[in-house]
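A short write-up of the structure that comes next.
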Amino acid sequence: MDMPFDALSDVSDEALLVLYANGDSAAARALTLRLAPRALAVATRVLSDRAEAEDVTQEAMLRLWRIAPDWRQGEARVSTWLYRVVCNLCTDRLRGRQRRASSALDDAPEVADAAPGVEEALIEGDRMRALDAALAALPERQRQAVVLRHIEGLSNPEIAEVMQIGVEAVESLTARGKRALAALLSGQRAELGYGEG
């Protein structure tokens with residue numbers, strides 16, 4: 001039985017997945033609208049490549065739909081499971097880049113054009129590009145931990161589950177990642193519009 005789309009806004013991710021497994025296409029739409037943008041945001045930050053991030057998000061969502069009939073409620077949250085898949089797919093992509101980097105120079109990420117606009121929009125664009133570049137310079141696991149914690153807002157236990165490591169390791173990765181980001185961005189405060197200090 002299909003439920004009206006608006007009625008699904010208060011339904012949990014797990015319940016939506018079960019509804020989808022039972023043939024409810026509205027549940028699939030609701031779950032996609034809820035989870036895909038966050039999965040795409042994580043993949044974009046980790047990969048620094050929007051097209052690759054879209055591919056990763058699509059593959060992660062397809063995997064979610066495939067496992068829906070076998071979903072075991074209570075073992076993991078749907079969002080945590082999806083983040084883990086996204087991070088694993090990103091890791092695979094990054095490793096593939098490293099293998100290809102020795103034989104090609106075409107792997108450099110494209111730099112987004114700065115669209116003309118008001119000064120604030122330009123400054124914010126510069127800030128985001130600087131953050132993306134600094135994130136790209138971090139080791140892969142630090143980048144994943146920092147993105148999941150400080151951009152996506154996951155708790156340390158959730159990140160530990162996604163990355164399949166201990167909470168202490170998450171704390172260490174995020175702390176080292178934050179220090180590295182601060183060092184990478186420290187000389188750019190004035191040019192990014194933050195002034196001195």
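Rule-based calculations on the coordinates, nothing more; no lab input. Remember, it's a predicted structure, so these values are computed and weren't measured experimentally. Cβ placement follows ideal geometry from the backbone for every residue including glycine, while neighbour counts extend to all protein chains displayed.
The phi torsions of the range 175-182, fed into the Karplus equation with coefficients 6.51, -1.76 and 1.60 and a -60° offset, translate into couplings of 5, 5, x, 5, 4, 5, 4, 4 Hz, rounded to whole numbers, with Gly and Pro shown as x. Taking the average, over residues, of other Cβ atoms within 10 Å as the packing measure, peptides 87-96, 40-49 rank 40-49, 87-96 from highest down. Phi angles of the range 130-144 translate, via the Karplus equation with coefficients 6.51, -1.76, 1.60 and θ = phi - 60°, into HN-Hα couplings of 5, 5, 4, 5, 5, 4, 5, 7, 6, x, 3, 5, 5, 4, 4 Hz per residue; Gly and Pro are given as x. Distance between the 7 Å Cα→Cβ label points at Ala175 and Arg84: 2.6 nm.
Please give the contour-minus-distance gain from Glu191 to Trp71: 0.36 nm per residue of separation, less the Cα-Cα distance, rounded to one decimal in nm. Present the calculation step by step, with values, prior to reporting the outcome.
On the way: separation 120, 0.36 × 120 = 43.20 nm, distance 4.94 nm.
The span from Glu191 to Trp71 would gain 38.3 nm if fully extended.
Listed values for the range 49-64 are Karplus-derived 3J(HN,Hα) couplings in whole Hz (6.51 cos²θ - 1.76 cosθ + 1.60, θ = phi - 60°), namely 8, 4, 5, 5, 5, 5, 4, 4, 4, 4, 5, 5, 5, 4, 5, 4, and x replaces Gly and Pro. Placing a label point 7 Å from the Cα of Asp132 along the Cα-to-Cβ direction, the residues of the range 11-50 whose backbone N falls under 19 Å from that point are 37-50.
Label sites at Ala182 and Ala51, each approximated as a point 7 angstrom past Cα along Cα to Cβ, lie 3.8 nm apart.
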